[in-house]
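The values are calculated or read from the model by the stated rules, or taken from the named source; none is laboratory data. Worth saying up front: this structure is predicted, and the values here are computed from it rather than measured. Counting neighbours? That spans all protein chains shown, and the Cβs are built from the backbone with ideal geometry, glycine included. Ligands, DNA and RNA are excluded from the accessible area calculation, which covers all protein heavy atoms including side chains. Shrake-Rupley method; radii C 1.70, N 1.55, O 1.52, S 1.80 Å.
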Amino acid sequence: MHMNKVGILSMQRIKNYGSFLQAYALKEILKSLGAEVEFVDYHVAEPIIKDSTKSNGKFKKGLEALSGKACIKHKIQYILHKKNFNKYLTELHLTSTPNYNPKLDTLVIGSDEVFNLIQSNGNVGYSLELLGKDNNAKKVITYAASFGNTTIEKINKYAKTEEIKELLCDIDKISVRDENSFNIVNNLTNEEPFINLDPVLVYDYMNSSLIPDINVKEKYMILYAYNGRISNEEAKKIKEYAKSKKLKVYSIGGAQPFADKFIDCSPFEVLSYFKNAECIVTDTFHGSIFSIINNKPFITLVRKSKENSYGNEEKLTFLLEKLNLRDRITYDVEELSKLMDKNIDYKNTNKIIRDEKKQTMKYLKENI
């Protein structure tokens, strides 16, 4: 019997926990549907937005990490964490040489911000392969793909409308994960794409044998954010809250000011730390998801996009509204204790996730 040869074109080589866990989850979901799965790479291209404050050289990246407000020990731990992250990628069975444009039955583009093309990240750039250009697959679909903070206004501003439209129209089936992405696809193709959950919410990580036990005696809260995104004032407030609850602050994903520990661990161990935490403060999409799949008290700091600076409002607001968790959003860390002490009705959220899982399996089964 011929096994369907399926490729996943995603952000699987990006060194962060969310990218890894969404890629692993989608791989396992597709395998459960009987597919033979491999990861596909894209050629990195020149970014559309030139940002002179951002550096893409490793040495400069290291300097950026050292210049933050966290203590020097945590900064060094963070740099080593990034340096050694590749060892986890063996779990994804990535090829040592990039796997460009392989022959496939189906190419699945997603999840993650695969369509976030109007940005300044030199690890991605304006790579049209992420929209299916030059593929060697009989069929191309997307799953829970996101334009991130690329908006229709930015696409128009940089005169990329026709190019992006043409490639989107060539994709056989489109699934996105947020309203901004839905609106862009709808606007450019006149078709309504499917909306599906991120694979980390769909794949049952917490009941799998992947999640190890961790032995932590003290009570702690997690601050999950990328390096340099939590201001001193925010970190101070978080620390005060932790102290009032007799908790230690563990920073994961980035070195943060006022944290008691920087946790350097595997992606699967991250989920263990979330499972055992008392509560979580995050300003990331996957930090919110890791909290949700563990049914934990959490708050999400949402950042508004300003011009070309990073913002996560588009994807985070939609995610939390969809899961009936709108009241976990704040733009101001001052609201921390008021929001954190508010009970979360996870029964309702878990039901939404269960229903969405069925939709995911149906979509993928019908389209791969």
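Restricting the search to helices (runs of 4 or more DSSP H) fully inside the range 174-271 and requiring at least 1 residues that are in contact with a Pro (Cβ under 7 Å, 6 or more places away or on another chain) and buried (at least 22 other Cβ atoms within 10 Å of the Cβ) gives 179-189, 232-244. Here the range 102-141 is the region considered, the condition is being open to solvent by less than 20 Å² (accessible area, probe 1.4 Å), under 21 Å from Asn16 (Cβ atoms) and among the polar types (S, T, N, Q), and the residue that is nearest to the chain's Cα centre (by Cα) is Ser111. The set of residues in the range 47-60 that are surrounded by 12 or more Cβ atoms within 10 Å (Cβ to Cβ) and modelled with pLDDT under 60 comprises Lys54, Ser55, Asn56. So the check is Cβ under 7 Å with 6+ separation or different chains; which pairs have a first residue in the range 99-126 that's in contact (Cβ under 8 Å) with a residue 40 or more places away in the chain and a second one that's among the acidic types (Asp, Glu) and not in a loop (DSSP other than H, G, I, E, B)? Note: pairs meeting the criteria are Asn99/Glu38; Asn99/Asp41; Tyr100/Asp41; Pro102/Glu38.
Quick check on Ile29: is it over 16 Å from Arg229 (Cβ atoms), at pLDDT 95 or above and over 20 Å from the mean Cα position of the chain (by Cα)? So Ile29 does not fit the description; no.
Let's see how each residue does on (1) under 30 Å from Phe258 (Cβ atoms); (2) modelled with pLDDT under 95; (3) among the polar types (S, T, N, Q):
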{"site": "Glu64", "(1), (2), (3)": "yes, yes, no"}
{"site": "Ile76", "(1), (2), (3)": "yes, no, no"}
{"site": "Phe85", "(1), (2), (3)": "yes, no, no"}
{"site": "Tyr100", "(1), (2), (3)": "no, no, no"}
{"site": "Ala137", "(1), (2), (3)": "no, no, no"}
{"site": "Ile152", "(1), (2), (3)": "no, no, no"}
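Within the range 310-318, the presence of a residue that is loosely packed, with under 14 Cβ neighbours inside 10 Å, among the small types (Gly, Ala, Ser) and part of a loop (DSSP other than H, G, I, E, B) is excluded. All of Thr97, Thr90 fail the test of being assigned to a loop (DSSP other than H, G, I, E, B) and open to solvent by 40 Å² or more (accessible area, probe 1.4 Å), apart from Thr97.
Results for (1) modelled with pLDDT under 95; (2) more than 22 Å from Ile141 (Cα to Cα), shown as yes or no for each residue.
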| site | (1), (2) |
| --- | --- |
| Asp332 | yes, yes |
| Leu339 | no, yes |
| Asn348 | no, yes |
| Asp355 | no, no |
| Lys358 | no, no |
| Lys362 | no, no |
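Taken over the range 149-173, the criterion of being part of a helix (DSSP H, G or I) and open to solvent by less than 20 Å² (accessible area, probe 1.4 Å) is satisfied by Ile155, Ile164, Leu168.
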